Amino acid sequence: MNLPLYWQDQTTMSWRASVLESSTDGIMLDASAFYPGGGGQPPDAGVLEWDGVFARIEGVRGGGALVPREGDPVPPVGACVVGRLDDVRRRSLMRTHSALHVVCGVVYRDFGALVTGSNMEPLSGRMDFNLPEVPDGFKSELERVVNEEIARGRAITARIVTRDEALADADVMRTAQNLIPDQIEQVRIIDVQGLDAQADSGTHVASTKQIGEVSITKVESKGKGFRRVRITLPNA
Ligand SMILES: [Zn+2]
């Protein structure tokens, strides 16, 4: 199986590739580390360089075509390019995404609440979950325990399993009931060891220690049982 570069090695920030298709609408490479977006994590940005010129990449379309900034040159088909991610943005997104998985694991383990959605920008994110009663001191207790778990240095690993293996894994399925479409045969699992495992396509740091100290900035009520937790992370 040919995995995209952002799955083969989540730390890849620059690489060489050949241009398969190219227009101002989108550039397809034979290998790309640009995360296309999904699962609440926005797409990567960065640049492609070739023959002393460069195109700034502002996003990724469905199918993986890279979207150049309007007015920037685009590489010819067949050109060898060097791709470089905006690594500050990407690393921030990796830390933020991993932080949300720690929050997810803690709200389930300690408060019995199931996550219903999440979204993020670099260094800030939100997570929605179902919690009928919010206990006194919930916000500060959640923040304390989340940071305790981060400080433990739990390994965060990625593995690919078959759809049937994913469906048979109770930990994975508690967050994924409706999130594994029928046509998907292989499922990528992100495992914050001992705390949280879920089907996930995003990019993550290798240890919770790399997340840094998380602030729980807000706990909002959005309706019956519907809570929204907002988090922020410091600059690395
Ligand atoms: Zn995720």
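Values in this text are rule-based calculations from the coordinates and carry no lab data. Please read all numbers here as calculations on a predicted model, not as lab measurements. Glycine also receives a Cβ, built like all others from the backbone with ideal geometry; neighbour counts cover every protein chain displayed.
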Only helical DSSP H runs with n ≥ 4 go in: add -39500 (n - 2.57) per run for the chain, normalise by residue count and round the 222 nm mean residue ellipticity to 500 deg cm²/dmol.
-> -6500 deg cm²/dmol
In percent, how large is the relative contact order of the chain, given Cα pairs closer than 8 Å and 6 or more residues apart?
-> 19 percent
Sort Leu167, Leu20, Leu131, Leu85 so the one with the fewest other Cβ atoms within 10 Å of its own Cβ comes first.
-> Leu20, Leu167, Leu131, Leu85
Net charge near Pro36: determine it from the other residues with C-beta under 10 Å of the C-beta of Pro36, scoring Lys and Arg +1 and Asp and Glu -1.
-> 0
Theoretical FRET efficiency, 1/(1+(r/R0)^6), r = Cβ-Cβ of Thr232 and Asp51, R0 41 Å, to 0.05 = 0.50
Expressed in angstrom, Rg and Dmax over the Cα atoms of the chain are 19.0, 61
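If the chain between Glu58 and Glu141 were fully stretched, how many nm would it gain, using 0.36 nm times the residue separation less the Cα-Cα distance?
Between Glu58 and Glu141, full extension yields an extra 26.0 nm.
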Roughly what angle does helix 87-111 make with the longest principal axis of the chain, taking Cα atoms, 0 to 90 degrees, to the nearest 10?
-> 20 degrees
Note: Thr217 to Gln8 extended length (0.36 nm per residue) minus current alpha-carbon separation gives 71.9 nm
Which FRET efficiency, nearest 0.05, do Gln183 and Arg109 yield, Cβ-Cβ r, R0 30 Å?
-> 0.40
For segment 42-93, what log10 I(q)/I(0) values come out of the Debye formula at q = 0.31 1/Å, with one point per alpha carbon and no solvent?
-> -1.29
Could you point to the residue in Val146, Trp15, Thr96 farthest towards the positive end of the chain's charge dipole, with +1 and -1 charges on the Cβ of Lys/Arg and Asp/Glu respectively?
-> Val146
Pulled fully out, how much extra length does the chain show between Arg16 and Ala155, if you take 0.36 nm times their separation in residues and subtract their Cα-Cα distance?
-> 47.1 nm
With everything on Cα atoms, drop me the angle between helix 138-151 and the longest principal axis of the chain, reported from 0 to 90° to the nearest 10.
-> 60 degrees
